[in-house]
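*Asks:* Attaching a single structure in structure tokens format; questions to follow.
The values are calculated or read from the model by the stated rules, or taken from the named source; none is laboratory data. What you see is a predicted model; the values in this text were computed from it and never measured. Ideal geometry is used to build each Cβ from the backbone, glycine not excepted, and the neighbour counts take in all protein chains shown. Each accessible area value is taken on the protein alone, full model and side chains, heavy atoms only, with ligands, DNA and RNA left out. Shrake-Rupley method; radii C 1.70, N 1.55, O 1.52, S 1.80 Å.
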Amino acid sequence: MNLLRKILFPVVPVYYLITWLRNRLYDLGIKKSTSFSIPIICVGNLSVGGTGKTPMIEYLVRLLKDDAKIATLSRGYKRKTEGFQLAKSTSTSEDLGDEPFQFYNKFAANVTVAVDNNRVNGITKLLQLNNAPEIVLLDDAFQHRKVKVGLNIMLTTYSNPFFNDMVLPTGDLREPKSGYKRADIIVVTKCPSNITNIKKEEFLKRIKPTEYQHVFFSTIAYANKVVSKTAELELNSLTNFTLVTGIANATPLVTFLKSKNLKFQHLNFKDHYEFSPDDISKLESCEVILTTEKDFMRLKQYKALEKRLFYLPITVNILENVPFDNLVKRFVKQF
């Protein structure tokens, strides 16, 4: 815990009370949530960033895209546009934000991608489209209670689970821990690939799921190849490259690359970092740059980096995937 967070500890009870009261007003129906006529699935968390929401949205897209018309709706964090924006072939990460731009680049043929800070307005606009979606996936909307969500999927990381944390500004929680009770499904993300049943049981005891909640565990699956705009290379063929990250938590990626005995220099920037002309100029001197898919979406626009810029694809691997898949599909079918 850094010094500033310690200094701000007296603010914690105030933040706790404000967020608790807001949730209580929604629970009592004093503050209203808007319902919609189609299944709304939310992927979110209690903490600020780094829990794996993007790969989870992509998992759900792959799971559902063959059965129904899907739309993803995000707020478009750090985008340079206002209001409702529908992704199109000319869109950039500046128009949509990093994650929605990534969704569009991967799933444009199967999914409608939109952004709007006002999720109620965003869903309303999506339903007015000629090719209106039959399912909407809300990205990072666990605290956005103006929308009545049908299925709430809450993520928490193995290394920093919500039950060991506290609210902002000293901790990383956006709201009190009790907010976990709104989740229908809780996924412990970024687990070790060899997580034991004993460790799972320890987590279950700490989470204390209610009788209606389901808890799953997931790992990150890294690809064996890295990808550029025009080529693919075997990951193990990379030597003395530069790793560039602008995500909330790069530790799992760094750990994985070190486990492969790869030699690299790591340039670690803050989450959603906006690369400056000076940054790009410095990167031009790198022979090979490896980055995350999210960072690749922002960096690929620079021609000078095109031939040396690669990203390492990842997917989420839910260890109990059949029960998880069945729960999601049953919710959609019974809606």
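*Asks:* With each label point set 7 Å from Cα along the Cα-Cβ vector, what nm distance links Phe36 and Glu274?
*Replies:* 2.9 nm
*Asks:* Can I ask one more? How many Å³ per residue does the convex hull of the Cα positions in segment 265-316 occupy? Walk me through the numbers before you get to the answer.
*Replies:* On the way: hull volume 4.7 nm³, N = 52.
It comes to 91 Å³ per residue, whole-number rounded.
*Asks:* Per DSSP H run of at least 4 residues, take -39500 (n - 2.57); add these up for the chain, divide by its residues and hand me the 222 nm value, nearest 500 deg cm²/dmol. Numbers along the way, then the final one.
*Replies:* Numbers: 11 runs with 104 residues, N = 335.
-9000 deg cm²/dmol, from helical runs alone.
*Asks:* If I fit a long axis through the Cα atoms of helix 12-27 and take the longest principal axis of the Cα atoms of the chain, what angle between them do I get, 0 to 90°, rounded to 10?
*Replies:* 60 degrees
*Asks:* Using only Cα atoms and rounding to the nearest 10 degrees, what angle (0 to 90) does helix 98-107 make with the longest principal axis of the chain?
*Replies:* For 98-107 against the chain, the angle is about 80 degrees.
*Asks:* Magnitude of the Cβ-charge dipole of the chain, K/R +1 and D/E -1, about the Cα centre, nearest 20 debye?
*Replies:* Working: 47 positive and 33 negative charges, 143 e Å.
Dipole of the chain, to the nearest 20 debye: 680 debye.
*Asks:* Could you work out how much longer the chain between Leu21 and Lys88 gets when fully extended? Use 0.36 nm per residue separation minus the Cα distance between them, nm to one decimal. All intermediate terms of the calculation are to be shown ahead of the outcome.
*Replies:* Values: separation 67, 0.36 × 67 = 24.12 nm, distance 3.96 nm.
Between Leu21 and Lys88, full extension yields an extra 20.2 nm.
*Asks:* What is the projected area of the convex hull of the Cα atoms of segment 34-107, averaged over all directions, in nm²? Working shown, then result.
*Replies:* Working: hull surface 24.0 nm².
For the Cα atoms of segment 34-107, the hull's average projected area reads 6.0 nm².
*Asks:* Calculate, for segment 217-269, the solvent-accessible area per residue in square angstrom, rolling a 1.4 angstrom probe over the heavy atoms of the protein chains. Don't skip to the answer; put the middle values down first.
*Replies:* Working: 2820 Å² over 53 residues.
Averaged over the residues of segment 217-269, the accessible area is 53 Å².
*Asks:* Could you list log10 I(q)/I(0) for the chain at q = 0.06 Å⁻¹, which the Debye formula gives when each Cα is one point scatterer?
*Replies:* Per q value, in the given order, log10 I(q)/I(0) is -0.22.
*Asks:* Still on this model: Taking only Cα atoms, what is the 0 to 90° angle, nearest 10, from helix 197-207's long axis to the longest principal axis of the chain?
*Replies:* 50 degrees
*Asks:* While we're looking at this one, here's another question. Residues of segment 1-133: accessible area per residue at 1.4 Å, in Å²?
*Replies:* On the way: 6700 Å² over 133 residues.
Ligands and nucleic acids excluded, the result is 50 Å² per residue.
*Asks:* Using each residue's phi in segment 241-257, evaluate 6.51 cos²θ - 1.76 cosθ + 1.60 at θ = phi - 60° and report the 3J(HN,Hα) Karplus result to the nearest Hz, with x for Gly and Pro.
*Replies:* Working through the residues one at a time gives 9, 10, 8, 10, 10, x, 10, 5, 9, 8, 4, x, 5, 4, 4, 4, 5 Hz.
*Asks:* If you don't mind, there's one more thing I want to ask. What are the radius of gyration and Dmax of segment 224-312, computed over its Cα atoms and given in Å?
*Replies:* 12.0, 33
*Asks:* I've got another one for you. Can you compute the modelled spin-label distance between Asn117 and Thr81, with each label point 7 Å from Cα toward Cβ, in nm?
*Replies:* 1.6 nm
*Asks:* Here's something else I'd like to know. Provide the gained length on full extension for the span Lys208 to Phe331, in nm with one decimal, where the gain is 0.36 nm per separating residue minus the Cα-Cα distance.
*Replies:* Working: separation 123, 0.36 × 123 = 44.28 nm, distance 2.29 nm.
Full-extension gain reported as 42.0 nm.
*Asks:* Please compare each pair in Lys229/Lys294; Lys32/Lys80; Lys78/Lys282 to a cut-off of 21 Å on the Cα-Cα distance and tell me which ones are over it. Could you put the intermediate results ahead of the total?
*Replies:* Details: Lys229/Lys294 14 Å; Lys32/Lys80 30 Å; Lys78/Lys282 23 Å.
Distance filter (> 21 Å) returns Lys32/Lys80; Lys78/Lys282.
*Asks:* Let me ask you something else. Quick one: if you stick a label point 7 Å off each Cα along the C-beta vector at Asn236 and Asn160, how many nm between them?
*Replies:* With each label point 7 Å from Cα toward Cβ, the separation is 3.3 nm.
*Asks:* Shifting gears a bit: In whole percent, how big is the carbon plus sulfur part of the accessible area of the chain, probe 1.4 Å, protein atoms only? Show your work: numbers first, answer last.
*Replies:* Details: 8510 of 16670 Å².
The computed percentage sits at 51.
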